[in-house]
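In what follows, a structure is listed as structure tokens, so that the remarks can point back to it.
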Amino acid sequence: MTTVVTVRDFGVIFDSYMQFENSMLVHKMENDTDFSDNEEEEDYNGDVRSDVSLSVAEFKNKILEGFWLHDDKDADLRLSQLEHLMDRRAELVNSVLLRQNPHTVKQWQRRVKLFEGNATKQILTYTEAVRTVDPMKAVLGKPLTLWVEFARLYESHNDIANARVIFDKAVLVNYKAVDDLARVWCERAEMELRHKNFKGALELMRQATAEPSLEPLLNSLAVASDGHEPVQMKLHKSLRLWTFYVDLEESVGTLESTRAVYERMLDLRIATPQIIINHALLLDEHNYFEDALKVYERGVKIFKYPHVKDIWVTYLSKFVKRYGKTRLEHAREIFEHSVEMAYTVLLTLLKPLYLQYAKLEEDYGLAKRAMTVYNRVTKAVPDNEKLSVYEIYIARAALMFGVAGRREIYHQAIEYGLADKDLKTICLKYAELEKGLGEIERARALHVFASQFSDPRSDVAFWNQWRDFEVQHGNEITFRDMLRTKRSVSANYSQSLDLEDEVGGVERVKRRKIA
């Protein structure tokens with residue numbers, strides 16, 4: 001059982017072993033005879049006294065026969081052996097699996113759980129595991145979890161000193177990925193935080209993020225045989241480590257130390273857009289408004305679209321909120337720059353920027369300039385966003401210029417660039433406006449125009465709305481015109497479908513002939 005490498009072979013041997021022990025136990029229990037303790041004592045004493053001439057070796061053997069280990073009536077011992085064997089089955093199976101691949105992290109973790117309640121065996125198992133598992137060959141788990149759980153075992157027994165020793169050794173292991181080493185450092189710092197050692201946690205993070213020196217590392221760990229440099233040389237650029245460090249500085253450090261960490265991240269070029277925003281918000285909270293704006297400006301220079309979108313939106317909102325009226329021209333320059341960058345990359349990013357720009361003009365600029373911005377966004381955004389932009393444009397125009405401004409925008413929407421479905425929607429809204437103003441003929445003309453985009457067989461709602469309109473505002477002639485238009489549109493759609501079916505049939509016949 002200690003040499004097989006497959007679970008199947010182990011199962012065969014283990015079952016045979018169990019049957020053997022069980023049969024021996026049954027045999028002993030059937031042949032066991034009851035002798036009193038007095039009789040056994042008399043036989044023993046008589047044998048010793050009657051055989052004075054025995055040699056020393058024979059005498060010792062004679063004495064040992066009186067002990068229970070050499071007793072033929074050892075049913076209790078064999079029962080204990082059988083129970084012990086059954087209890088060890090899970091451990092023995094785990095040993096077989098580890099012989100198959102000693103670098104299986106999950107099996108080492110299962111082995112530790114088998115010894116739950118026995119801290120000594122768990123420590124010995126972790127020690128063997130971290131010595132055996134090669135990080136480059138590890139499967140079904142990450143070796144760092146063995147080190148972290150090993151340290152937590154000591155921590156759970158209030159042995160912080162040994163837990164620190166384990167982490168000291170863990171950070172010298174040449175893991176497969178830099179992120180694995182960063183996680184070990186973060187776990188090490190979190191242990192110090194759990195025990196209220198805030199200064200110690202900060203010192204660990206400063207040590208982890210410091211620029212590495214090659215000579216001490218080469219003396220303390222073996223470089224991989226494939227020539228790759230150890231992960232310790234790349235640790236100081238780990239985003240996970242720096243993110244943890246800056247959060248720790250914000251929680252227990254000072255403002256100056258936190259700013260220094262953010263600046264270091266920018267110098268190493270490992271900052272993300274969210275890091276830029278967090279840095280600027282921190283400065284804003286402490287009334288360093290100009291410094292916060294400089295951070296935003298630095299962020300929009302570092303990142304490109306679409307990643308820079310959130311930085312632009314936050315930057316513009318903060319700038320407008322603080323300097324919108326006093327530095328209006330500068331704000332316009334910033335908006336123009338942002339939409340220019342977005343226009344060359346991705347049109348879907350233009351809508352929120354243009355809407356912020358228009359809001360700036362509404363609040364601090366001129367209404368005419370705001371309408372110009374809305375007009376620009378209707379031409380810049382993709383087709384699937386045009387309708388929503390026109391709806392916003394019309395709503396704002398209604399507040400500023402009344403009916404005349406709305407009519408102009410409706411005309412523009414109908415003449416340029418809307419999809420058929422959106423064009424029908426905008427026509428119906430325009431018709432509702434004209435109907436509310438008493439312009440029935442203009443509303444009817446809009447229904448007639450929109451009817452060419454509405455199939456009577458599928459778009460029942462449009463035709464019912466037109467029918468209700470004619471019942472309320474029309475007469476017999478206009479109602480017949482509506483029915484005539486409906487039949488004409490239905491015939492056009494039917495011919496289109498027949499033509500499509502005919503073309504499709506011809507194509508299918510051609511494919512069959514080719515086949």
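I need the calculated FRET efficiency for the pair Leu483 and Val403, taking r as the beta carbon distance and R₀ as 35 Å, to the nearest 0.05.
That gives a FRET efficiency of 0.65.
Give me the distance in nm between label points sitting 7 Å out from Cα along the Cα-to-Cβ direction at Arg457 and Met29, one decimal.
Simple spin-label model gives 8.4 nm for this pair.
Compute the distance in nm between two label points, each set 7 Å from the Cα along the Cα-to-Cβ direction, one at Phe20 and one at Met86.
Using points 7 Å along Cα→Cβ, the separation is 1.9 nm.
Once you have a ≥ b ≥ c as the square roots of the Cα gyration tensor eigenvalues for segment 332-450, tell me rounded if a/c is under 1.5, and otherwise prolate or oblate according to whether a/b is larger than b/c.
oblate
Spin-label point model (7 Å from Cα, Cβ direction): what's the Leu355 to Asp76 distance in nm?
Between Leu355 and Asp76, the simple spin-label model gives 8.5 nm.
How high is the FRET efficiency between Leu255 and Lys325 when r is their beta carbon distance and R₀ equals 25 Å, given to the nearest 0.05?
With R0 = 25 Å, the Cβ-Cβ based efficiency is 0.25.
How many angstrom lie between the C-alpha centres of segment 353-389 and segment 3-23?
80 Å
Mind checking the dipole of segment 366-508: about its Cα centre, +1 per Lys or Arg Cβ, -1 per Asp or Glu Cβ, Debye to the nearest 20?
I would put it at about 720 debye.
With a ≥ b ≥ c taken as the square roots of the eigenvalues of the C-alpha gyration tensor of segment 268-372, please select rounded if a/c is under 1.5 and otherwise prolate if a/b is larger than b/c or oblate if it is not?
It comes out oblate by the Cα gyration axes.
Full extension from Lys379 to Glu297: what is 0.36 nm times the residue separation minus their Cα-Cα distance, to one decimal in nm?
26.7 nm
Only the coordinates and a few stated rules stand behind these numbers; no lab work does. This one's a predicted model, so the numbers in the text were calculated from it and none came from an experiment. Cβ atoms come from the backbone with ideal geometry, glycine included; neighbour counts cover every protein chain shown.
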